[in-house]
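Enquirer: Before anything else, here's the structure in question.
The values are calculated or read from the model by the stated rules, or taken from the named source; none is laboratory data. What you see is a predicted model; the values in this text were computed from it and never measured. Cβ: placed from backbone, ideal geometry, glycine included. Neighbour counts: every protein chain shown.
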Amino acid sequence: MERNLAVALALARLIFCGYRAVHQSIVIDEAYTYLRFIRGPWSVVYSPYDANNHVLNTILAKLCIQFLGLSEFAMRLPSLLSGFFLILGIYFVLELTTSRAIRWIAVFALALHPALLDFSIAARGYGTALAFLIWALYFSLRRRYAIAGVLLGLAFCANLTTIFPALALILAATILSTGRASTLASLFIPAAAVAFVISYPALRTAQKYHFYIGNPTLTSTVGEIVTDSLHGAPALGFLAGARAVHAAQFIFVPAIFAFILIATRRAFPAVLPALTLAFTLLGLIAAHTFFGLNYPIGRTALYLPLLFCIAWAIASDNARHPALRGANLLLAALLIAQFTTQIQTESFHPWVFDEDTRHVAELLKQACAGKPDQSISIGATWIHQPALEFYRDALPIPALQPVVRQSPAELLGHDFYVLNDPDTAALPRANLQILFSGKSSGIVLAASQ
């Protein structure tokens, strides 16, 4: 019965995410992936490396586009399906808890988490990697290490940042097993083989400077994760403002992490998620200290809230004192209430500026109707160029010339202009007529008077 309910929840979430996938505008990172690694022959998937290329997800998105045609939905279909299996995997992992209340509060919290929702939709590899990671954890809990190893390799191929929790899970499972050498081999060899076959052709040209996004401190990373969790939409909810973020970042998160380490029993399998979380954090610190790598930003560290919540649920289930268990349940319920206030269908939190780009492209298509092919030019700010070029192909708009990257945007010599701050400050001097202005996104469509 509970498993049927888990399937129903995953389906309901998939339908909601599917609606967003169809109606939300493509955004800069998705469009850049299409332009650089999907549009054109298959060889472009393995063109010179860039961190934007989430290799396995790129391959899956290209396959979907070839079968379904170019659209937002086709680009996002791998993430949508991954989100469905992510929720099922979370439930199956949490079946090792004895308390139904704890299990379902944790499942609902992760199902409603704003960032996990966003990346169960966006055509990026984060959600796909998390789905493989959670099922690798599930099979590791059941000592089916060869399957877990294959899944860890796929998680790495979907998003390279997953290397930290993947290696942490391999290390934790090896330490907790009785036959350590065989466990290590069963996990590491399949993971390395899958990663090599799928990702090496892309990674062979990678250099350290390609991994350019990151934070200087772990505190900054935790702060971004907390902010993305509590304030993932314009509506702040009842846990509003900087005080709630700071309290969570500096008081509740460290206290709960200490509780996880203390309350989790030192027995397999209950301790595995907590140990994986701890080793992941140690790996991030070691990579920063010894190799100078940046700490991840919020969306590149989504494995942290996933592992944290699962380990927290298991620790709460192991807490013997009813008052302690009740306090954890209450705090998690408050998070669910906050996450509910963050539900929205307009934009992705990191890329609000592209919320209205599809609407602008549709306005351009109407204005270009009946014009000769490539007779209309656009001056566009660089943050909107990838999405506009995507829609030139997807809608399609044959009358538009290819939209090229401009920084700063050119305000002379074009038929239309798609701008955003700070380019809009020059509008009065450029003698341009505003045709559309997005309230939340800040995008402006203008034309010469």
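Enquirer: Looking only at the stretch 102-135, which residues are of a type in the set (Gly, Ala, Ser) and more than 18 Å from the chain's Cα centre (by Cα)? Spell out the reasoning first.
Expert: Keep residues of the stretch 102-135 that are of a type in the set (Gly, Ala, Ser), which gives 106, 109, 111, 115, 120, 122-123, 125, 127, 129, 131.
Listed by number, the list holds a single entry, Ala106.
Enquirer: Kindly list, by first and then second residue, each pair from a residue in the stretch 311-339 that is more than 22 Å from Ala244 (Cα to Cα) and not assigned by TED's automatic domain parsing to the domain that holds His113 to a residue that is assigned to a helix (DSSP H, G or I) and of a type in the set (S, T, N, Q), limited to pairs with Cβ atoms under 6 Å and residues at least 6 apart or on different chains.
Expert: Qualifying pairs under 6 Å: none.
Enquirer: Please work out if Val226 is in the same structural domain as Thr340 (by TED's automatic domain parsing), in a helix (DSSP H, G or I) and under 22 Å from the mean Cα position of the chain (by Cα). Steps first, please.
Expert: Values: in the same structural domain as Thr340 (by TED's automatic domain parsing): yes; in a helix (DSSP H, G or I): yes; under 22 Å from the mean Cα position of the chain (by Cα): yes.
Considered against the rule, which asks whether it is in the same structural domain as Thr340 (by TED's automatic domain parsing), in a helix (DSSP H, G or I) and under 22 Å from the mean Cα position of the chain (by Cα), Val226 comes out as yes.
Enquirer: If you don't mind, another one. Do we have any residue at all in the stretch 14-25 that's surrounded by fewer than 15 Cβ atoms within 10 Å (Cβ to Cβ) and touching a helix residue (DSSP H, G or I) at 6+ places or on another chain (Cβ under 7 Å)?
Expert: Step one: list which residues in the stretch 14-25 are surrounded by fewer than 15 Cβ atoms within 10 Å (Cβ to Cβ), which gives 15, 19, 22-23.
Filter once more, so that each one left must be touching a helix residue (DSSP H, G or I) at 6+ places or on another chain (Cβ under 7 Å): 22.
Yes, the stretch 14-25 contains a residue that is surrounded by fewer than 15 Cβ atoms within 10 Å (Cβ to Cβ) and touching a helix residue (DSSP H, G or I) at 6+ places or on another chain (Cβ under 7 Å).
Enquirer: Please state which one of Phe259, Phe238 is surrounded by fewer than 18 Cβ atoms within 10 Å (Cβ to Cβ) and outside any strand (DSSP E or B). Break it down into steps so the answer makes sense when it comes.
Expert: On the way: Phe259 fails: surrounded by fewer than 18 Cβ atoms within 10 Å (Cβ to Cβ).
None of the other options fit; the residue is Phe238.
Enquirer: Could you please find all residues in the stretch 332-368 being part of a loop (DSSP other than H, G, I, E, B), closer than 19 Å to Tyr126 by Cβ and in contact with an Asp or Glu (Cβ under 7 Å, 6 or more places away or on another chain)?
Expert: The answer is Ser347, Phe348.
Enquirer: Assuming Ala191 fulfils every condition listed in (1) assigned to a helix (DSSP H, G or I); (2) small (Gly, Ala, Ser); (3) within 20 Å of the chain's Cα centre (by Cα) apart from one, which condition is it?
Expert: (3) is the only condition that Ala191 fails.
Enquirer: Conditions: (1) buried (at least 23 other Cβ atoms within 10 Å of the Cβ); (2) over 17 Å from the mean Cα position of the chain (by Cα). Leu293 meets all but one. Number of the miss?
Expert: For Leu293, the exception is condition (1).
Enquirer: Let me ask something else about it. For Ala172, state whether it is assigned by TED's automatic domain parsing to the domain that holds Leu284, crowded, with 19+ Cβ neighbours inside 10 Å and closer than 30 Å to Gln342 by Cβ. Write out each step before concluding.
Expert: Working: assigned by TED's automatic domain parsing to the domain that holds Leu284: yes; crowded, with 19+ Cβ neighbours inside 10 Å: yes; closer than 30 Å to Gln342 by Cβ: no.
In short, no.
Enquirer: Scan the stretch 120-156 residue by residue and report those that are touching a Gly at 6+ places or on another chain (Cβ under 8 Å) and either over 14 Å from Leu86 (Cα atoms) or among the β-branched types (Val, Ile, Thr) (or both).
Expert: Residues of the stretch 120-156 that are touching a Gly at 6+ places or on another chain (Cβ under 8 Å), as a first pass: 120-121, 127, 131, 134-138.
Those that are touching a Gly at 6+ places or on another chain (Cβ under 8 Å) and either over 14 Å from Leu86 (Cα atoms) or among the β-branched types (Val, Ile, Thr) (or both): Ile121, Ile134.
Enquirer: What is the number of the single condition among (1) within 17 Å of Ala166 (Cβ to Cβ); (2) of a type outside the set (Phe, Trp, Tyr); (3) in contact (Cβ under 8 Å) with a residue 12 or more places away in the chain that Ala233 does not meet?
Expert: Looking at each condition in turn, Ala233 falls short on (1).
Enquirer: Looking at the stretch 385-406, I want the residues that are of a type in the set (S, T, N, Q) and have a partner that is part of a loop (DSSP other than H, G, I, E, B) with Cβ atoms under 6 Å, at least 6 apart or on another chain. Which pairs are those?
Expert: Listed pairs, sorted by first residue: Gln385/Val403; Gln385/Arg405; Gln401/Gln374; Gln401/Ser377.
Enquirer: Which of the residues spanning the stretch 180-217 are in contact with a strand residue (DSSP E or B) (Cβ under 8 Å, 6 or more places away or on another chain) and either at pLDDT 95 or above or exposed (fewer than 12 other Cβ atoms within 10 Å of the Cβ) (or both)? Full working, then the answer.
Expert: Initially, the stretch 180-217 is screened for residues in contact with a strand residue (DSSP E or B) (Cβ under 8 Å, 6 or more places away or on another chain), giving 214-217.
Residues satisfying the conditions are Pro216, Thr217.
Enquirer: Let me ask something additional. Test Ala155 against the stated conditions and say whether it is within 26 Å of Phe73 (Cβ to Cβ) and either among the acidic types (Asp, Glu) or free of Cβ contacts under 8 Å to residues at least 40 places away in the same chain (or both). Spell out how you get there, then give the answer.
Expert: On the way: within 26 Å of Phe73 (Cβ to Cβ): yes; either among the acidic types (Asp, Glu) or free of Cβ contacts under 8 Å to residues at least 40 places away in the same chain (or both): yes.
Judged against the criteria, Ala155 is a match.
Enquirer: Next question, about the same structure. Output the number of residues of the stretch 1-60 satisfying the condition of being within 25 Å of Thr162 (Cα to Cα), of a type in the set (Asp, Glu) and outside any loop (DSSP other than H, G, I, E, B).
Expert: 2
Enquirer: Test of understanding: among Phe390, Phe353, Phe339, Phe348, which residue is in contact with a Phe, Trp or Tyr (Cβ under 7 Å, 6 or more places away or on another chain) and buried (at least 21 other Cβ atoms within 10 Å of the Cβ)? Talk me through it step by step, then tell me what you get.
Expert: Working: Phe353 fails: in contact with a Phe, Trp or Tyr (Cβ under 7 Å, 6 or more places away or on another chain); Phe339 fails: in contact with a Phe, Trp or Tyr (Cβ under 7 Å, 6 or more places away or on another chain); Phe348 fails: in contact with a Phe, Trp or Tyr (Cβ under 7 Å, 6 or more places away or on another chain).
Only one candidate passes the filter, namely Phe390.
Enquirer: Six or more apart or on different chains, Cβ atoms under 8 Å: show the pairs whose first residue is in the stretch 23-47 and more than 23 Å from Ser347 (Cβ to Cβ) and whose second is in a helix (DSSP H, G or I) and polar (S, T, N, Q).
Expert: Cβ pairs passing all conditions: Phe37/Thr58; Val45/Thr58.
Enquirer: Okay, moving on. Go through the stretch 421-449 and give me each residue that's touching a helix residue (DSSP H, G or I) at 6+ places or on another chain (Cβ under 8 Å) and surrounded by 20 or more Cβ atoms within 10 Å (Cβ to Cβ).
Expert: Correct list: Ser441, Ile443, Val444, Leu445, Ala446.
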